[in-house]
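J.: Got a structure here, written out as structure tokens. Questions coming.
Values in this text are rule-based calculations from the coordinates and carry no lab data. As the structure is a prediction and not an experimental result, all values here were calculated from the model. We place every Cβ from the backbone using ideal geometry, glycine too, and count neighbours over all the protein chains shown.
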Amino acid sequence: MERPAWAPRSIDISVPSVSRIYDYYLGGSHNFEVDREAARRAMEFMPGLPKIMQANRAFMRRAVRYAAAEGITQFLDIGSGIPTFGNVHEVAQAAAPDARVVYVDHDPVAVAHSEAVLAGNDRADVVAADLCKPREILASPRLERLIDLNRPVALLLVAILHFVEDADDPYGAVAELRGALAPGSLLILTHASYEGIPLPAERAEGAVDVYKNIRNPLIMRSRDDIARFFEGYDMVEPGLVPMPHWRPESAPEDEDPYAFSGFAGVGRTA
């Protein structure tokens, strides 16, 4: 397999990557056949996976515009993945030209490509770090250059927490990040769940098993378990809902049934 120029020498391009599989679902070009093969296996069980990812991205864009309209100009996107069209910095800086954005990911491909995309943008940067190590994120010089934690921040955890097993204490990581945020900050979150998927859970488990087999377990939490991530936040209306129902810009009934898989919500610190 020939290594393209955008793939860092340090990564094993024979092993599937969650970030590159997500990029494939969204129609991106920064993925390999090993990623496409894993995605196609998952889609044999859940053919609507690309629709779910598109709904995630559409919610993210609406939530970022909401945050900007609320006067927030600082955005911290953890588990940001490979930048594709309409990413956080594009949406935020279109709404508020002075907006500052820091992406965080532990995937070397996501970090390398983010650096290339952000070259020349002095109000956006990327940090190589892991959600499960919040202190490393918060102490990063790149974050400190752009984000003033004494002012409100929009923290994005979009389609990332369902890749963190309970043994790695995702609730503790989210609580630690919340503790570092100023009053008036927002948590913007989506999470996969069996609830809302338009097929039997037994069939959806086949797609979950694909992720388990590539050593990136997909944790399908219940709505109640997802709601626990918002402890310490006041929920913004309409609360924790299927993605198309969060402040829609078009009629939800026109959405693909798969778009209603999982939940999305925004919370505000007091």
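J.: Report ³J(HN,Hα) in whole Hz for each residue of region 257-269, in order, from the Karplus equation J = 6.51 cos²θ - 1.76 cosθ + 1.60 where θ = phi - 60°; Gly and Pro get x.
T.: Per-residue couplings from phi come out as x, 5, 5, 8, 6, x, 9, 9, x, 10, x, 10, 6 Hz.
J.: Once each part is reduced to its C-alpha centroid, what is the distance from region 193-258 to region 27-42 in angstrom?
T.: For region 193-258 versus region 27-42, the Cα centre distance is 22 Å.
J.: According to the Kirkwood expression over distinct Cα-Cα pairs, how big is the hydrodynamic radius of the chain, in Å?
T.: Answer for the chain: a Kirkwood hydrodynamic radius of 18.7 Å.
J.: Given the options 251, 129, 192, identify the residue whose Cα lies farthest towards the positive end of the charge dipole of region 105-252 (+1 on Cβ of Lys, Arg; -1 on Cβ of Asp, Glu).
T.: Of the listed residues, the answer is 251.
J.: I'd like the antiparallel share, as a percent to the nearest 5, of DSSP beta bridges with both residues in the chain.
T.: For the chain, the DSSP antiparallel bridge percentage is about 35.
J.: Could you point to the residue in 92, 43, 24 farthest towards the positive end of the chain's charge dipole, with +1 and -1 charges on the Cβ of Lys/Arg and Asp/Glu respectively?
T.: Ranked along the dipole, the leading option is 92.
J.: If you don't mind, there's one more thing I want to ask. In percent, how large is the relative contact order of region 157-270, given Cα pairs closer than 8 Å and 6 or more residues apart?
T.: Value for region 157-270: 38 percent.
J.: I'd like the Karplus ³J(HN,Hα) series for region 177-185: coefficients 6.51, -1.76, 1.60, θ = phi - 60°, whole numbers in Hz, and an x wherever there's a Gly or Pro.
T.: Coupling constants for region 177-185: 5, 4, x, 8, 8, 6, x, x, 6 Hz.
J.: If you don't mind, there's one more thing I want to ask. Specify the residue with the greatest mean-square fluctuation among 187, 161, 146, computed from a Gaussian network of the chain linking alpha-carbon atoms under 10 Å apart.
T.: 146
J.: Next question. Pull out the extension gain between residue 122 and residue 203, defined as 0.36 nm times the separation in residues minus the alpha carbon to alpha carbon distance; nm, one decimal.
T.: Value of the extension gain: 24.6 nm.
J.: Dipole of the chain (Lys/Arg Cβ +1, Asp/Glu Cβ -1, origin at the Cα centre): which of 56, 102, 14 lies farthest to the positive side?
T.: Checked the options; the winner is 102.
J.: Residue by residue through region 70-85, which ³J(HN,Hα) values in whole Hz follow from phi under the Karplus form 6.51 cos²θ - 1.76 cosθ + 1.60 (θ = phi - 60°), with glycine and proline marked x?
T.: Values per residue, Gly and Pro as x: 7, x, 7, 10, 10, 10, 10, 10, 9, x, 6, x, 7, x, 10, 3 Hz.
J.: Which residues' amide hydrogens lie under 5 Å from the amide hydrogen of residue 235, considering only partners 5 or more residues apart or on another chain, with H built in the peptide plane?
T.: 268
J.: Something else about it: What's the local net charge at residue 143, with K and R +1, D and E -1, over the other residues with C-beta under 12 Å away?
T.: With Lys, Arg at +1 and Asp, Glu at -1, the net is -1.
J.: Placing +1 at every Lys and Arg Cβ and -1 at every Asp and Glu Cβ, with all other atoms neutral, what dipole size does region 136-221 have around its Cα centre, in debye to the nearest 20?
T.: 320 debye
J.: Viscosity 0.890 mPa s, temperature 25 °C: what is the translational diffusion coefficient of region 31-173 from Stokes-Einstein with a Kirkwood Rh over Cα pairs, rounded to a whole number of µm²/s?
T.: Estimated diffusion coefficient is 153 µm²/s.
J.: Treating the beta-carbon of each Lys and Arg as +1 and of each Asp and Glu as -1, no other charges, what is the dipole magnitude of region 162-270 about its Cα centre, to the nearest 20 debye?
T.: Charge dipole of region 162-270: 240 debye, to the nearest 20.
J.: Placing +1 at every Lys and Arg Cβ and -1 at every Asp and Glu Cβ, with all other atoms neutral, what dipole size does the chain have around its Cα centre, in debye to the nearest 20?
T.: Magnitude of the dipole: close to 380 debye.
J.: Tell me which residues come under 5 Å, amide H to amide H, from residue 100 once H is placed; ignore anything under 5 positions away on its chain.
T.: Those lying under 5 Å, H to H, from residue 100 are 74, 75.
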